[in-house]
Protein chains: 2
Amino acid sequence: MDIKEFAQKIGVSPTTISHAISGRGRVSDATRELVLQKMKEYGYTPNLNARRLVTGRSFLVALVHMDREFLAHIFTMELVRAFLAPLKARGYDLLLNVTAESTVEYSGLLERVDSRAVDGSIILGEAEIPGELLRELGRSYHPCVAISHYRVGSMPHVGSVVLGLRSGARQVAELLVKQGHTNIGFLGLDSADQMPRFFAEELQNLGIRLSDSNVMIEGHDAEDGAEGLRKMMSQPAPPTAVFARTDVLALGAIGEAKAMGIDVPGSLSVVGHDDLPLVSLMQPSLTTLRRDRMHIATSAVDMLFQLMEDPGAMVAERLIDSKLVLRQSAGPVK
Amino acid sequence: MDIKEFAQKIGVSPTTISHAISGRGRVSDATRELVLQKMKEYGYTPNLNARRLVTGRSFLVALVHMDREFLAHIFTMELVRAFLAPLKARGYDLLLNVTAESTVEYSGLLERVDSRAVDGSIILGEAEIPGELLRELGRSYHPCVAISHYRVGSMPHVGSVVLGLRSGARQVAELLVKQGHTNIGFLGLDSADQMPRFFAEELQNLGIRLSDSNVMIEGHDAEDGAEGLRKMMSQPAPPTAVFARTDVLALGAIGEAKAMGIDVPGSLSVVGHDDLPLVSLMQPSLTTLRRDRMHIATSAVDMLFQLMEDPGAMVAERLIDSKLVLRQSAGPVK
DNA sequence: TTGAAAGCGCTAACAT
DNA sequence: ATGTTAGCGCTTTCAA
């Protein structure tokens with residue numbers, strides 16, 4: 001049943017119905033009551049796609065990601081979850097599966113954007129988000145907010161939430177040094193990651209040198225963490241503390257330490273990064289850097305709606321730092 | 001730029017453009033080439049909402065859930081992720097944030113459905129999915145697939161993926177009995193859950209009695225698991241093995257056991273349920289029941305598209321069982 | 001193989 | 001306060 005048919009059935013005009021539903025038009029309370037009442041009775045429900053076509057708004061926000069496996073990271077999953085409530089509070093749904101892998105894919109994205117199929121986008125990038133993509137989006141006057149480790153050059157319609165690494169590096173450095181560690185290791189992900197540099201610099205500031213032989217860049221999996229730790233501990237003067245770039249690496253390292261008969265945190269302190277679910281339940285529970293998912297999500301959503309409401313708005317970049325969560329896996333040097 | 005303007009610019013009719021893009025119409029190869037070529041050149045991209053209005057298809061599937069906190073379960077997050085690839089393979093996106101909490105919310109859902117804003121729905125229900133909801137959906141000829149622990153009465157346009165509990169209960173019972181345990185406990189979620197009954201029955205079949213005092217229904221959190229285990233082990237004749245309804249309960253229990261000086265699995269075996277990420281990395285690694293997320297997701301999506309392609313199809317219910325993953329936390333009785 | 005015209009169901013000026 | 005009318009941008013008969 002369309003609005004015309006429904007209008008005839010209940011004896012008012014389509015306009016009145018539209019007004020009654022949106023609440024935006026001038027209708028008498030009595031008429032509005034009647035319309036809403038009859039809607040249920042007849043089971044009429046407006047066609048969203050028609051509305052979207054004519055209003056140019058969809059009440060949809062897309063979550064754009066660079067690769068198809070982005071949800072493999074548990075942290076990202078939790079982030080996705082965190083977007084839901086703030087969006088729902090504004091009457092918005094979240095669109096998933098929008099990848100921006102290549103130029104080919106950009107077009108699919110731009111199609112959805114130019115055609116007003118989504119009102120805004122949140123762009124997730126573990127690595128750097130291609131400037132070309134952001135420029136393309138900006139050019140189509142599409143409000144979007146990028147979330148990544150990197151700063152995004154200021155451009156119109158594009159907000160940015162930066163997940164800072166520097167502060168976390170400092171907090172870990174300070175903790176370990178305070179606990180008396182002087183021989184410290186780092187277990188990393190890949191060569192593009194900035195964390196090892198930051199960590200080395202922060203240790204330097206505290207008078208400790210992160211030697212190259214104590215930096216292991218192995219990969220993403222627990223096995224990589226185990227492998228890295230094994231190498232590190234097989235050196236003549238093995239470190240007494242290790243900062244692992246992710247909790248998964250940290251857990252792999254702890255497992256390997258146990259296998260090698262090294263007590264954590266008795267003989268080796270381990271600090272992770274992410275505060276994934278369950279790491280507080282391990283034995284020992286994991287000391288790690290936590291990023292507040294809700295904070296990230298509400299910041300991004302707030303920013304996005306600012307841009308959506310005022311297309312001219314120049315939104316400031318927002319930096320969000322990690323916070324050290326003290327648990328059992330790191331302790332004073334013996 | 002709309003199709004009309006674009007048509008004039010490149011000197012063909014809107015019809016031809018539509019045909020060239022969809023590939024459905026009869027157009028010469030040369031013309032199609034031209035159109036696609038010029039699309040990039042001029043940056044024309046069709047309006048999706050207009051297309052959706054006229055075709056009645058949106059290439060969107062909604063993920064419907066009963067409460068707002070559904071993504072709090074890590075298992076559910078992983079399920080969401082698993083839907084993405086099969087949907088993308090068919091050119092579909094996934095719509096998140098569609099709750100069906102109350103009758104009020106049903107209307108929001110039905111609006112999206114009746115208005116063809118989504119082509120189909122996947123309904124997630126940890127508990128039983130309200131029959132009324134499914135009937136409403138079926139009545140609007142809306143293809144949907146329910147995923148839950150419960151069987152859904154057969155009705156048109158509604159498929160069902162049942163996450164069976166019985167088989168898992170049997171596998172755990174068999175494992176523990178084979179390992180020589182005779183005094184066995186259960187750590188449960190809530191009174192609505194069928195698992196304790198199934199587990200008791202399966203133990204019964206093997207000649208073991210699950211005594212009421214060994215069944216603790218405490219809640220969802222690790223603390224609940226710890227609390228339950230403490231009570232259970234404080235009894236005169238504490239069990240030598242415990243089946244926990246979820247991995248989180250199991251981890252809470254293991255933590256508490258350690259705190260009580262009880263070795264796992266030396267003096268107490270613990271089996272969990274879900275195989276959450278990281279539980280394989282704990283010390284000891286967790287023996288648990290695993291449900292194949294990809295299998296569930298592809299089953300549901302396959303079923304959904306069957307219903308979408310052939311509205312008359314009566315889709316068979318599909319049962320998916322858990323599989324025991326043997327790790328370290330459960331072992332032979334000493 | 002291509003084009004003209006009608007209409008998808010709604011909203012929003014503009015009357016009344 | 002309510003109704004009339006003209007599109008929104010596309011697809012799809014139908015005709016050429």
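The values are calculated or read from the model by the stated rules, or taken from the named source; none is laboratory data. Computed from a predicted structure; not experimentally measured. All Cβ positions, glycine included, derive from the backbone under ideal geometry; neighbour counts span all protein chains shown.
A few comments on the model shown:
- Cβ pairs under 8 Å, 6+ apart, first in the stretch A:210-229 and outside the structural domain of A:Arg245 (by TED's automatic domain parsing), second assigned to a helix (DSSP H, G or I) and modelled with pLDDT of 95 or more: none
- For B:Glu105, the test of being within 13 Å of chain A (Cβ to nearest Cβ) and out of contact with any His (no Cβ under 6 Å at 6 or more places or on another chain) is passed.
- If you go through the stretch B:6-20 and keep only what is part of a helix (DSSP H, G or I) and near DNA strand D (Cβ under 8 Å from one of its atoms), you end up with B:Phe6, B:Pro14, B:Thr15, B:Ile17, B:Ser18, B:His19.
- So B:Gly108, is it outside the structural domain of B:Ala7 (by TED's automatic domain parsing), within 16 Å of DNA strand D (Cβ to nearest atom) and under 25 Å from A:Ala50 (Cβ atoms): no
- Within the stretch B:86-102, the set of residues being touching a residue at least 24 places away in the same chain (Cβ under 8 Å) and not in a strand (DSSP E or B) comprises B:Pro86, B:Leu87, B:Arg90, B:Gly91, B:Tyr92, B:Ala100, B:Glu101.
- Residues that are within 13 Å of chain A (Cβ to nearest Cβ), assigned to a helix (DSSP H, G or I) and within 13 Å of DNA strand D (Cβ to nearest atom), drawn from the stretch B:30-50: B:Met39, B:Tyr42, B:Leu48, B:Asn49, B:Ala50
- Here the condition is being more than 9 Å from chain A (Cβ to nearest Cβ), closer than 22 Å to B:His149 by Cβ and away from DNA strand C (no atom under 16 Å from the Cβ); of B:Met66, B:Met77, it holds for B:Met66 alone.
- Test: residue in the stretch B:214-222 that is among the hydrophobic types (A, V, I, L, M, F, W, C) and not in a strand (DSSP E or B): yes
- Residues that are more than 29 Å from B:Pro86 (Cβ to Cβ) and surrounded by 13 or more Cβ atoms within 10 Å (Cβ to Cβ) within the stretch B:40-64 comprise B:Tyr42, B:Gly43, B:Tyr44, listed in sequence order.
- Subset of the stretch A:51-64 that is within 13 Å of DNA strand D (Cβ to nearest atom) and not in a loop (DSSP other than H, G, I, E, B) - its residue that is nearest to the chain's Cα centre (by Cα): A:Arg52
- A:Gly266 being assigned to a loop (DSSP other than H, G, I, E, B), in contact with a Lys or Arg (Cβ under 8 Å, 6 or more places away or on another chain), at pLDDT 95 or above and not hydroxyl-bearing (Ser, Thr, Tyr): yes
- Only one of the numbered conditions (1) surrounded by fewer than 20 Cβ atoms within 10 Å (Cβ to Cβ); (2) touching a residue at least 24 places away in the same chain (Cβ under 8 Å); (3) assigned to a helix (DSSP H, G or I) is violated by A:Asp67, and that is (3).
- Selection count, the stretch A:228-263, where residues are in a helix (DSSP H, G or I) and within 14 Å of chain B (Cβ to nearest Cβ): 14
- Failed item, numbered, when A:Arg139 is tested on (1) farther than 28 Å from A:Arg81 by Cα; (2) of a type outside the set (Asp, Glu); (3) buried (at least 19 other Cβ atoms within 10 Å of the Cβ); (4) within 14 Å of another protein chain (Cβ to nearest Cβ): (3)
Yes/no matrix, rows are residues, columns are (1) within 16 Å of DNA strand C (Cβ to nearest atom); (2) more than 14 Å from the chain's Cα centre (by Cα); (3) closer than 17 Å to B:Ala200 by Cα:
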{"position": "B:Asp114", "(1), (2), (3)": "yes, yes, no"}
{"position": "B:Ile123", "(1), (2), (3)": "no, no, no"}
{"position": "B:Glu126", "(1), (2), (3)": "no, no, no"}
{"position": "B:Arg135", "(1), (2), (3)": "no, yes, no"}
{"position": "B:Tyr141", "(1), (2), (3)": "yes, yes, no"}
{"position": "B:Thr182", "(1), (2), (3)": "no, yes, yes"}
{"position": "B:Gly185", "(1), (2), (3)": "no, yes, yes"}
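- Set B:Ala169, B:Ala146, B:Ala192: member being more than 14 Å from chain A (Cβ to nearest Cβ), surrounded by fewer than 16 Cβ atoms within 10 Å (Cβ to Cβ) and either touching a residue at least 24 places away in the same chain (Cβ under 8 Å) or not in a helix (DSSP H, G or I) (or both): B:Ala192
- Pick from the stretch B:1-16, criterion more than 10 Å from DNA strand C (Cβ to nearest atom) and within 14 Å of another protein chain (Cβ to nearest Cβ), ranking: nearest to B:Ala50 (Cα to Cα): B:Asp2
- Put simply, of A:Ala89, A:Ala100 the only residue that is more than 7 Å from every other protein chain (Cβ to nearest Cβ) and either within 29 Å of B:Leu276 (Cα to Cα) or touching a Leu at 6+ places or on another chain (Cβ under 8 Å) (or both) is A:Ala100.
- Some residue of the stretch A:123-133 being within 14 Å of another protein chain (Cβ to nearest Cβ), at pLDDT 85 or above and crowded, with 17+ Cβ neighbours inside 10 Å: yes
- Residues of the stretch A:1-53 satisfying the condition of being at pLDDT 90 or above, basic (Lys, Arg) and farther than 27 Å from B:Asp119 by Cα: A:Lys9, A:Arg32
- Under the condition of being of a type outside the set (A, V, I, L, M, F, W, C) and in contact with a Phe, Trp or Tyr (Cβ under 7 Å, 6 or more places away or on another chain), the residues counted in the stretch B:1-41 number 1.
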